[in-house]
Ligand code: BDP
């Protein structure tokens, strides 16, 4: 169904105009070399063109007549600017030479040709005229990665779209077709790396790097390889002990080092192009080097040495903080943790270690500050981590389009090398000339027929891939592509869905936790409102609301000193109440409810206003969607309609609980006298 096909829905082209003008190009495909990746490119083109035009293109080995599509990595085909391509780059060009015209999809490597093919299909989906194409693309980021948080029992940590497509009953799935379709979706937006199991590695997944499971991993890796995607595994730092071989996992112990070297050999014997290990260590009760009084450089470098001979890398996560802290001690600030742990180690990591840094210092909140580690690490490979799965942003029951959020983050100026050092230029490796760099994100898919639970949540996966390929793309461009590829070109459909997507993040922010303070969710599953859910617990996630005010004082002057982790311009901006932006006010400051925001209203009135508005806006989303009844197939229509109902109900709960809580705490009336319980 179309729900399943997602943006690779290739509907038959109706309305003769476009087809009449362009069909001539689509009848023959010339393939110059025959790697597996090249075959994937060819198959994608053949199948899609067939579906869209009802004609199966013929295949040829050489450009003989006019009007053909040429797939090639070779330079001898009149295409200019091939030298400007990087490994994954490509050129799409309509070439009119003396005796013939053809469209060349040229890559420096076969990967580029595959990406070019998907791009070409997108041009057809969006009805672009093919007569004079001249497109050159190089991905900005080298690693463009997806992290599955899948467990081998089939469950998915923070998964909201069914069970794992990789594992069931502590085994690998036998449904390899579905994995292939996932590879197609990922590759079509340029994703080139995947880790297939949860960063929290339990007993059974610890065995993924043993003979018991490596042959299965190899099968999956082959599927992904054919779509130019490298496979990684999350490993258990304590594997040498857990797998029963050693009594320690001390990174400086010779036996431990040897053990990992042997292990790496085992893995690469079976999967010669294996990507490497993703590691969550010393975080939320996971084992790590701290047990042995070693630091994270010791831990990651040991693994890096083992992988180095095979070209593998260690992706070491910076999500390290004390999750057992004393909440009464207001000095321990979880937001400080990643910087405090990793900044002092800058320069000590091997050059096949990559640190993976979450976008914010807390944990994927609807709004939080950006991690001050970006810009602070000048001699360390790094990738940024986003969360596509909507753990804190409505769990795919609510509509929350995250591209605008990610854009803001990527555009944020760190001032690391003076003005004009945005995060996107740090994580693409250009600012500090990192050898390895890029972006990763936690996936939002499962085995639901539509992959993402909420049909429109597919846009987050699509947009993630497109944005990290080219962070300079605008939200509008990305949304436009996705909506048209997924739902077709009916202007009413395009307009309504585009507007819904663009409005959705601010709407979600409105009715949930205000002004950057975050949290206020139910503990454990993190769905729905619970203002004090985490307030008196050990996790380090507080709002400090009392009868007078709310917010976390992270200033140097009177708080945790977190603001000092930024470069001066940003440190000053956040430190001062006057210049701290409204949307992050409570992330950085504790203020009275009567404090006036830059918007002119008081904090308490802002809370009331946004919570009332948010619900109205959620209702508005539903009204927009209902206009599309009959214009979209039932499966997709009903899916979204049902979820919007659920969203509205839950938004009302948020509104009522948040407003009541703060009304009772503060005793201050709503200026507009709306009902608060
Ligand atoms: C948090 C999740 C938790 C993850 C953790 C992580 O609540 O399930 O294990 O992040 O990133 O967002 O390691």
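Ranked by Cβ crowding within 10 angstrom, fewest neighbours first, how are 631, 180, 672, 111 ordered?
On the way: 631 13, 180 16, 672 9, 111 26.
By the 10 Å Cβ count, ascending: 672, 631, 180, 111.
Highest mean first, what order results for 401-407, 441-447, 133-139 on Cβ atoms within 10 Å? Walk me through the numbers on the way to the answer.
Details: 401-407: 23.0, 441-447: 25.6, 133-139: 17.0.
Descending packing order for the listed peptides: 441-447, 401-407, 133-139.
Given 4 °C and 1.567 mPa s, how large is the Stokes-Einstein diffusion coefficient of region 567-645 in µm²/s, with Rh as the Kirkwood radius over Cα pairs? Each step should come with its number before you reach the end.
Details: Rh = 15.6 Å.
Calculated translational D: 83 µm²/s.
Kindly identify region 513-610 as rounded, prolate or oblate by the Cα gyration tensor criterion: order the square roots of the eigenvalues as a ≥ b ≥ c, call it rounded if a/c is under 1.5, otherwise compare a/b with b/c, prolate if a/b is larger, else oblate. Walk me through the intermediate numbers first.
Working: a/c = 1.96, a/b = 1.26, b/c = 1.56.
The shape class here is oblate.
Using helices alone, what [θ] at 222 nm do you get for the chain, with -39,500 (n - 2.57) per DSSP H run of 4 or more residues, divided over all residues and rounded to the nearest 500?
Values: 20 runs with 242 residues, N = 677.
Mean residue ellipticity, 222 nm, calculated: -11000 deg cm²/dmol.
How would you rank 505, 482, 547, going from fewest to most other Cβ atoms within 10 Å of each one's own Cβ? Walk me through the intermediate numbers first.
On the way: 505 22, 482 27, 547 9.
Ranking 505, 482, 547 by Cβ neighbours within 10 Å, fewest first, gives 547, 505, 482.
Please tell me the relative contact order of the chain in percent, rounded to the nearest whole number, where contacts are Cα pairs under 8 Å and at least six residues apart.
12 percent
Can you list, largest first and rounded to whole Å, the semi-axes you get for region 281-415 by taking the square root of 5 times each eigenvalue of its Cα gyration tensor?
Numbers: eigenvalues 136, 75, 46 Å².
In descending order the semi-axes read 26, 19, 15 Å.
Shape call for the chain from the C-alpha gyration tensor, a ≥ b ≥ c root eigenvalues: rounded (a/c under 1.5), prolate (a/b greater than b/c) or oblate?
On the way: a/c = 1.80, a/b = 1.24, b/c = 1.45.
It comes out oblate by the Cα gyration axes.
Sorting 278, 601, 615 on the 10 Å Cβ count, fewest up front, what's the list? Mind dumping the intermediate values first?
On the way: 278 26, 601 16, 615 23.
So the residues, fewest neighbours to most, are 601, 615, 278.
Taking only C-alpha pairs under 8 Å that are 6+ residues apart, what is the relative contact order of region 463-579 in percent? Before the final figure, lay out each step's value.
Numbers: 92 pairs, mean separation 11.2, N = 117.
The normalised contact order for region 463-579 reaches 10 percent.
Just check region 391-445 against the gyration tensor rule for me: Cα atoms, a ≥ b ≥ c as the square roots of the eigenvalues, rounded for a/c under 1.5, and otherwise prolate or oblate depending on whether a/b exceeds b/c. Please report the intermediate quantities before stating the final value.
Values: a/c = 4.41, a/b = 1.95, b/c = 2.26.
Oblate, because a/c is 1.5 or more while a/b does not exceed b/c.
If you take the C-alpha gyration tensor of region 319-366, multiply each eigenvalue by 5 and take the square root, what semi-axes do you get, largest first, in whole Å? Please report the intermediate quantities before stating the final value.
On the way: eigenvalues 114, 38, 12 Å².
Ellipsoid half-lengths, sorted descending, are 24, 14, 8 Å.
Roughly speaking, what is the stretch gain from residue 59 to residue 132, that is 0.36 nm per residue apart minus the C-alpha to C-alpha distance, in nm to one decimal?
Gain on extension, residue 59 to residue 132, equals 24.0 nm.
FYI, it's all coordinate maths here, none of it is from the lab. Just so you know, these numbers come straight off a predicted model, no measurement behind them. Here Cβ is always computed from backbone atoms with ideal geometry, including for glycine, and neighbour counts include all displayed protein chains.
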